[in-house]
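Visitor: Can you read through this structure? Questions will come right after.
A short reminder: the numbers here are calculations on the coordinates, not readings from a lab. Every value quoted in this text rests on a predicted model; they were computed, and no experiment measured them. All Cβ positions, glycine included, derive from the backbone under ideal geometry; neighbour counts span all protein chains shown.
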Amino acid sequence: MQMKIQIGSLAKERLVESLGNRPGFFKLFYDTEGCGCNGVIVILITDKPDQFDIEIETNLVPFLVDPKQQHNLDETMRLEAEENYPAFKLSSDSNLLSSNIRIRDIRGDNHTLNNTTECLIK
């Protein structure tokens, strides 16, 4: 399945700003550790792709996703930001995937995502 995300103009601005003039990759990550029974979607900023990550086509830069987490997402999605709220909304034609997505910058961390013991959203 080739996934795609259409990124709104305000969301683009906030994503670019979050990089802070440093290189990084955006990764959609479905965090289930310590986040309740349903988990939460987070946008990670990482130094490099993990070994099995696949790319999601966007109108900005490709996003990454672990293929094991693809089933939590839809094939075609939209990422929007609201003017007065610091989070993102990810939706598709048939579903609101999350209305409170935050960015977590883990560049430079020795972070193993498969073995997290706490929720990445603070």
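Visitor: Please compute the volume of the convex hull spanned by the alpha-carbon atoms of the stretch 31-93 and report it per residue in Å³.
Guide: Details: hull volume 8.7 nm³, N = 63.
Hull volume over Cα atoms, normalised by residue count, gives 138 Å³.
Visitor: Kirkwood Rh, Cα Rg: Rg to Rh for the stretch 1-50?
Guide: On the way: Rg = 13.0 Å, Rh = 12.8 Å.
So for the stretch 1-50, dividing Rg by the Kirkwood Rh gives 1.02.
Visitor: Taking the radius of gyration and the Kirkwood hydrodynamic radius from Cα positions alone, what is the Rg/Rh ratio for the chain, to two decimal places? Spell out each step's value before the answer.
Guide: Values: Rg = 13.4 Å, Rh = 14.6 Å.
Rounded to two decimals, Rg over Rh is 0.92.
Visitor: Sticking with this structure for a sec: How do 11-19, 39-47 rank on mean C-beta neighbours within 10 Å, highest first? Walk me through the intermediate numbers first.
Guide: Working: 11-19: 15.9, 39-47: 19.2.
Highest-to-lowest ranking by the protection proxy: 39-47, 11-19.
Visitor: Near V42, within a Cβ-to-Cβ distance under 10 Å, what is the net charge of the other residues, with Lys and Arg +1 and Asp and Glu -1? Display every interim value, and only then the final one.
Guide: Working: positive: K27, R102, R104; negative: D31.
Combined, the nearby Lys, Arg, Asp and Glu give +2.
Visitor: If you count, for each residue, the other Cβ atoms within 10 Å and average over each peptide, how do 24-33, 68-77 line up from highest to lowest? Intermediate values should be presented prior to the final figure.
Guide: Values: 24-33: 19.8, 68-77: 15.4.
Answer by packing, highest mean first, reads 24-33, 68-77.
Visitor: Let me ask something else about it. Using only alpha carbon pairs under 8 Å that are at least six residues apart, calculate the relative contact order of the chain and give it in whole percent. Working shown, then result.
Guide: Numbers: 221 pairs, mean separation 38.0, N = 122.
Relative contact order, the chain: 31 percent.
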